[in-house]
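Have a look at the structure below, then the notes.
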Amino acid sequence: MAENSQTEQGNPVDTGADIGVDIGRVGLWTGAFNDVSSAEARRWAAEAEELGYGAIWIPETVGRDPFILSTLILEATESIVMATGIANIYARDAMTMSAGQKTIWEAFPGRFLLGLGVSHHTLVSWVRKHEYSKPYSHMVEYLAFMSKALYLAPGPEQRPPTVLAALGPKMLKLAAESADGAHPYLTTPEHTAAAREILGPDPLLAPEQMVVLETDPAAAREIARKHLKVYLSLPNYQNNLKRYGLDDSDFEDGGSDRLIDAVIAWGDEAAIAARVAEHHAAGADHVCVQALCAESAETPGVWRRLAPALLEG
């Protein structure tokens with residue numbers, strides 16, 4: 001599905017993956033916009049753009065609609081890309097998803113990247129009341145329907161790009177063959193290397209990396225465990241991390257130190273930049289940095305402190 005393309009202005013993509021959108025080498029992943037007003041979220045995004053981050057990735061869980069929030073932020077900024085990390089394919093049918101993607105891309109060409117995922121059993125079956133028996137097959141069918149979906153409004157001049165939340169080999173292969181790349185979440189540089197091998201050289205690889213800007217080990221791991229609590233019980237993440245040397249004991253009592261240190265970069269600015277560099281060395285085109293803070297209001301301050309180390313190297 002990946003095609004050689006450029007933005008409407010003709011600027012080359014800066015990630016190594018030519019998908020028609022320039023997200024740079026480092027972006028931000030945040031759910032903190034759901035903790036503040038829309039106006040405050042727009043101000044945070046404008047500052048992130050001024051700092052030089054290439055993209056802001058936002059989730060879809062039980063907060064704001066990611067398409068509406070992306071549009072609000074795109075209207076308040078000039079160049080930063082909004083990306084969904086991820087839009088849940090059980091939240092809307094394939095035609096609606098395609099229409100939302102094309103609507104935003106036509107209004108803001110080259111500034112929206114659609115990340116799709118199958119989410120998790122709890123969010124799909126328990127929260128949304130949909131069947132979650134065959135998520136991989138559903139994704140295959142969903143992408144096929146999206147590619148043929150009717151859209152009779154004025155459309156974008158090129159096909160907008162799509163990436164998949166892919167962890168295991170099957171979904172990574174699908175991301176290479178039926179999308180423009182992969183957006184793995186809660187992974188390690190070792191996973192990034194394996195993902196690049198499966199994807200091949202051309203598709204976009206944009207892993208998320210959680211970080212804690214704290215040099216005290218106990219304090220850093222306490223913040224990490226608070227944020228990881230919701231993820232450690234989810235089979236998708238457990239099964240993936242067990243492929244890389246972790247076992248059942250690592251998921252007990254809020255996560256072992258070994259697990260915390262494997263999936264979360266903590267320390268000073270240099271330590272966090274070093275982990276991001278590991279992902280790039282392993283084959284990542286773009287790394288989405290998620291700042292974990294004791295309070296959401298601290299998030300922009302961490303973006304500010306990390307920018308020189310992450311963006312000026």
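The values are calculated or read from the model by the stated rules, or taken from the named source; none is laboratory data. On a predicted model such as this, the values are computed, not experimentally measured, just so you know. Cβ: placed from backbone, ideal geometry, glycine included. Neighbour counts: every protein chain shown.
Candidates ALA107, ALA94, ALA76: the one that is closer than 28 Å to GLU312 by Cα, over 19 Å from the mean Cα position of the chain (by Cα), of a type outside the set (D, E, K, R) and surrounded by fewer than 20 Cβ atoms within 10 Å (Cβ to Cβ) is ALA76.
A single member of ALA307, ALA277 is in contact (Cβ under 8 Å) with a residue 40 or more places away in the chain and among the small types (Gly, Ala, Ser), and it is ALA307.
Output yes when any residue across the stretch 32-45 is charged (D, E, K, R) and in contact with a strand residue (DSSP E or B) (Cβ under 9 Å, 6 or more places away or on another chain), and no when none is.
Checked against the condition, which is being charged (D, E, K, R) and in contact with a strand residue (DSSP E or B) (Cβ under 9 Å, 6 or more places away or on another chain), the stretch 32-45 yields no hits at all.
Sub-6 Å Cβ pairs linking a first residue in the stretch 28-57 that is closer than 14 Å to VAL302 by Cα to a second residue that is charged (D, E, K, R), at least 6 apart or interchain, are TRP29/GLU208, ordered by first then second residue. Just one of (1) at pLDDT 95 or above; (2) of a type in the set (Asp, Glu); (3) over 20 Å from TRP29 (Cα atoms) fails for GLU269. It is (3). Do you know which residues across the stretch 232-261 are of a type in the set (Gly, Ala, Ser) and surrounded by 19 or more Cβ atoms within 10 Å (Cβ to Cβ)? Correct list: GLY255 only. The residues on offer are ALA149, ALA220, and the sole one that is more than 26 Å from CYS293 (Cα to Cα) and more than 15 Å from the chain's Cα centre (by Cα) is ALA149. Of the residues making up the stretch 244-254, at least one is more than 30 Å from ASP268 (Cβ to Cβ) and not in a loop (DSSP other than H, G, I, E, B). Among the residues of the stretch 110-117, none qualifies, meaning not one is aromatic (Phe, Trp, Tyr), in contact with a Ser or Thr (Cβ under 7 Å, 6 or more places away or on another chain) and under 30 Å from SER256 (Cβ atoms).
Kindly establish whether ASP285 is charged (D, E, K, R) and surrounded by fewer than 22 Cβ atoms within 10 Å (Cβ to Cβ). When the stated conditions are applied, ASP285 does not pass them. Scanning the stretch 78-89 finds no residues that are of a type in the set (Asp, Glu) and assigned to a helix (DSSP H, G or I).
For the stretch 255-301, which residues satisfy the criterion of being charged (D, E, K, R) and assigned to a helix (DSSP H, G or I)?
Restricting attention to the stretch 255-301, the residues satisfying the condition of being charged (D, E, K, R) are 257-258, 261, 268-269, 275, 278, 285, 295, 298.
Once the filter is applied, which keeps residues that are charged (D, E, K, R) and assigned to a helix (DSSP H, G or I), the stretch 255-301 yields ASP257, ARG258, ASP261, GLU269, ARG275, GLU278, GLU298.
As a summary of the residue check, TRP105 satisfies the conditions (1) hydrophobic (A, V, I, L, M, F, W, C); (2) more than 23 Å from ALA195 (Cα to Cα); (3) touching a strand residue (DSSP E or B) at 6+ places or on another chain (Cβ under 6 Å); (4) not in a helix (DSSP H, G or I) except for the one numbered (4).
Only residues that are out of contact with any Ser or Thr (no Cβ under 7 Å at 6 or more places or on another chain), surrounded by fewer than 21 Cβ atoms within 10 Å (Cβ to Cβ) and assigned to a helix (DSSP H, G or I) were counted in the stretch 19-42, giving 5.
Taken over the stretch 90-114, the criterion of being in contact with a His (Cβ under 8 Å, 6 or more places away or on another chain) and within 21 Å of CYS288 (Cα to Cα) is satisfied by no residue.
For TYR185, the criteria (1) part of a loop (DSSP other than H, G, I, E, B); (2) more than 28 Å from THR299 (Cβ to Cβ) hold in every case but one, which is (2).
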